[in-house]
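> One structure follows; several queries about it will come next.
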Amino acid sequence: MIMELLIYVAKLSAYWIALYILYALFLRHHTFLRWNRTYLLGSLVLSFALPLVQYPESAPPMPVVYQVSAVSFSVVTAAPSPSLLTWENLVWLVYGIGVVVMSVRLVQHFRHLNSFLQEGECIPMDHYTLVLLGDNQTRTGSFSFMKWIFISPADYAHNFDTILSHELAHVRQRHSWDILFLEILQVVFWFNPILIIYKKTIQQVHEYLADRQAVQEQTQTDNRDRYAEFLVSYALGAPASMLTNQFFNSKLLKPRIAMLYKNKNSKWSLGKYAAVALLVGFASLMVASCEREVMPTSANGEAMVKGDINITGIVNTPDHKPLRGAVITDSKGKKGAITDEAGRFSLKVPAGSALTLSHPDYGQIIMGISGKYKNTDYDLTMPSKGDKPSNMVSTPSADGQSVKITGQTSTFGGSPIFTVVEKAPEFPGGIQAMYKFLGENIKYPEAAAKANVQGKVFLTFIVTSEGEIKDIQIMKGLGFGADQESVRVMSKMPRWEPGMQSGRPVNVRYNLPIAFQLDNTKEIKANESAKKVGLVEQGTLNGPSTEGPTMIYTGVGQARVVIDGVMQKEGYDIKEVGPDNVQKVNVLKGESATKAYGEKGANGVIEIYMKKK
């Protein structure tokens, strides 16, 4: 989460800088002052949306690549207590300190302004309030903020009309709102210096606008010359308040006089604003497209990434053991790799290549390399000699940059593998017995609990005609030990009742998702998480082909069962519940269970509500 936020802030800052550079290069010297003000404020606001622009071609495909043939199981454990000494917490601490400092600074400015209001003489006028500063504030120059115009004693005595018309322009054009908006941005993004430049530039545009209005309200024919002479003679050097529109600022004196004498730009110059807008839109699309670099599409219309494709993978024997010495070559024989002791290999090939995987003791697999993904990871099982090549099942990543391809053999032991059969294979004792087996054997990996990792592991395996579990593969993994734990438990399963087709047992490919889920409602130390797990089954009670209620089991069968408000005897066998008659199932754990059922609910309670006949 924090990395995504940092990336977003970095993009936001980059857009702020880029848009300001465009302003400095093409628009800064224009006399279209209101357009310049709108551009600067619009740049600050629009930049929040530009990082979210997504180039259409970079939209990731929906990862619908597997057909779930079994119910979904969840392994639940309590999330470990997070450590306070993490780099994320340190980042938030530093950021929070900066926000507090900038907030205090902003509050001090408001208190300073309030003291002027309290000590000065307030005179209500039409649409504004005139505040005459006291004699003890002679070092403070005239300024305005929101609807208040503050006039120093010296200015009231000698330069009242000119300064009033200037400050009144600030009030009427609501320049204080711009400054206040910048101040709030500086509180939130105190670490970004570009906002200081934006603020100074917007204040400069404010002075140009107020000067123009003041000159237009003067009655003399040479009013521009007189106003310029007045600015030069008004070199008071009064300290400026960061929140206000100060009449005199020595750093702005020269550019203010230059803008007074600058000839108005031609209306054709307004085209620059349109050109900049088009340039910004084009640049945002270019930045978005860089998230997924593509080349022209291939002959079949498939987009192809630039450069070589990163190929990695693991090769196993038909009994799912790592295969060493398998040779991977391309069609020209120029690119190649050999699997190591762990059965792994890696190489880079151009998009559109065809790779051949071979071994003297097994058959061959031909792999066509798609140019759609930058990274391709294979999990392959070599076919025996004479068997058909593997069926390839693709699982794209969420970002659309990578794909995992699992090779599934179409035969096992010389016999075909079915995916749809008349009678599905079944765990001995039925599906509920499988729930119990998984609940007693599967453990939440300690590494996953410590890293606060949760998600689903998608397994595929073969239930042979003898009922053995073979060719266990990870279609989509989770990491942090969850994949290995899933394979370990599946490997321990007893023989199943094999699937039947035309009255005889056959090999059946079976898919099973296992979800690892952290329970934040209970505090369990990470090193205890392997002992305290829960099993949550979501899906059907009668197998994969029918819809049914959701059943939830926790612990290792010690939870008490309550059916329609009646608590069953201890050790009640839930198999006695007919799944077709179940309407709803609730699970109570911890305090919620003991509060409702007292000490009898100490190990959890399963509430089952039956359908009304």
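The values are calculated or read from the model by the stated rules, or taken from the named source; none is laboratory data. Everything numeric here is computed off the predicted structure, so don't read it as measured data. Note: ideal-geometry Cβ built from the backbone for every residue, glycine included; neighbour counts use all protein chains shown. The protein model used for the area step is the full one, side chains on, heavy atoms only, and it has no ligands, DNA or RNA in it. Shrake-Rupley method; radii C 1.70, N 1.55, O 1.52, S 1.80 Å.
> Residue by residue through the range 186-217, note down the ones that are without any contact (Cβ under 8 Å) to a residue 24 or more places away in the chain and either under 19 Å from ARG174 (Cα atoms) or in contact with a helix residue (DSSP H, G or I) (Cβ under 7 Å, 6 or more places away or on another chain) (or both).
If we filter the range 186-217 for residues that are without any contact (Cβ under 8 Å) to a residue 24 or more places away in the chain, which is where we start, we get 193, 196, 199-200, 216.
Across the range 186-217, the qualifying residues are LYS199, LYS200, GLN216.
> Would you point out the residue of the range 481-493, among those that are touching a Pro at 6+ places or on another chain (Cβ under 6 Å) and open to solvent by 10 Å² or more (accessible area, probe 1.4 Å), that is nearest to GLY430 (Cα to Cα)?
GLU485
> Can you name the number of the only condition in (1) modelled with pLDDT of 70 or more; (2) part of a helix (DSSP H, G or I) that GLY313 fails?
Among (1) modelled with pLDDT of 70 or more; (2) part of a helix (DSSP H, G or I), GLY313 violates only (2).
> Can you pull out every residue in the range 319-348 that is in a strand (DSSP E or B) and at pLDDT 85 or above?
PRO322, VAL327, ILE328, THR329, ALA337, ILE338, ARG344, PHE345, SER346, LEU347, LYS348, listed by residue number.
> Exactly one of (1) within 18 Å of MET102 (Cβ to Cβ); (2) among the aliphatic types (A, V, I, L, M); (3) touching a helix residue (DSSP H, G or I) at 6+ places or on another chain (Cβ under 6 Å) is unmet by LEU180. Its number?
For LEU180, the failing item is (3).
> Now for a separate question. Considering the range 117-157 alone, what residues qualify as being within 21 Å of GLN213 (Cβ to Cβ), assigned to a helix (DSSP H, G or I) and open to solvent by 70 Å² or more (accessible area, probe 1.4 Å)?
If the condition is that a residue be within 21 Å of GLN213 (Cβ to Cβ), assigned to a helix (DSSP H, G or I) and open to solvent by 70 Å² or more (accessible area, probe 1.4 Å), then TYR156 is the only one that fits.
> Out of all the residues in the range 439-471, which are open to solvent by 10 Å² or more (accessible area, probe 1.4 Å) and hydroxyl-bearing (Ser, Thr, Tyr)?
If the condition is that a residue be open to solvent by 10 Å² or more (accessible area, probe 1.4 Å) and hydroxyl-bearing (Ser, Thr, Tyr), then SER465 is the only one that fits.
> State whether one or more residues within the range 511-525 are at pLDDT below 85, within 25 Å of LYS611 (Cβ to Cβ) and in contact with a strand residue (DSSP E or B) (Cβ under 8 Å, 6 or more places away or on another chain).
no
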